[in-house]
Amino acid sequence: MKTVWIVDDDEEMIYAVRMMLKLLDCEVRHFFSARLAAQTLFDGQRPDLFILDINMPGVSGIDFLEFLHRRKDFAMIPVVMLSSEAADLMVDHAMNLGADAYVTKPVALEELESAMKKAFKAHDEVK
């Protein structure tokens, strides 16, 4: 069973994505801020995959993505961006910073599953 961490400040979105991930047989943990997720990483816990929102107060999903990819011990964790930001410029920016997949809100189960597979595959090929 894969462990997925959702980092999003939208409670309704977390609930919806959590239900989808349970259908995909994932163990789910959610964080309302990137700072809480980072602290949990520093405490030694790791997910198999991150699902990050971009627009969050304080530390954005883009900032958190940059943080993950600047640290060797966190850079190998696959990342799926899940955001209402659909502009090509934002998608390209996130992908250039190391996101493995990008889906827009609202997301369907099939889209989420496909994005997760893409992210895991990208990291399997690197290993």
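Taken together, the values in this text are just the output of simple stated rules run on the coordinates, not laboratory data. Every value quoted in this text rests on a predicted model; they were computed, and no experiment measured them. Cβ atoms come from the backbone with ideal geometry, glycine included; neighbour counts cover every protein chain shown.
If R0 is 22 Å, what FRET efficiency do you get for T3 and E111 from their C-beta distance, rounded to 0.05? Walk me through the intermediate numbers first.
On the way: r = 21 Å, r/R0 = 0.94.
Efficiency, from the Cβ-Cβ distance: 0.60.
Say the dipole of the chain comes from +1 at the beta carbon of Lys and Arg and -1 at that of Asp and Glu; which of L89, L41, L23 then lies farthest toward its positive end?
Final value for the positive-end residue is L41.
From Cα pairs below 8 angstrom and at least 6 apart in sequence, can you work out the relative contact order of the chain, rounded to a whole percent?
The normalised contact order for the chain reaches 21 percent.
Note down the magnitude of the dipole of the range 72-127 about its Cα centre, charges +1 on Lys and Arg C-beta and -1 on Asp and Glu C-beta and zero elsewhere, to the nearest 20 debye.
Computed charge dipole of the range 72-127: roughly 160 debye.
Taking semi-axes √(5λ) of the Cα gyration tensor in Å straight from the coordinates, which label in [x] 20, 18, 14; [y] 18, 17, 16; [z] 34, 15, 10 is the correct one?
So the calculated entry is the one marked [y].
With +1 on each Lys and Arg Cβ and -1 on each Asp and Glu Cβ, and nothing else charged, work out how big the dipole of the chain is about its Cα centre, in Debye to the nearest 20. Walk me through the intermediate numbers first.
Values: 14 positive and 22 negative charges, 100 e Å.
So the magnitude is around 480 debye.
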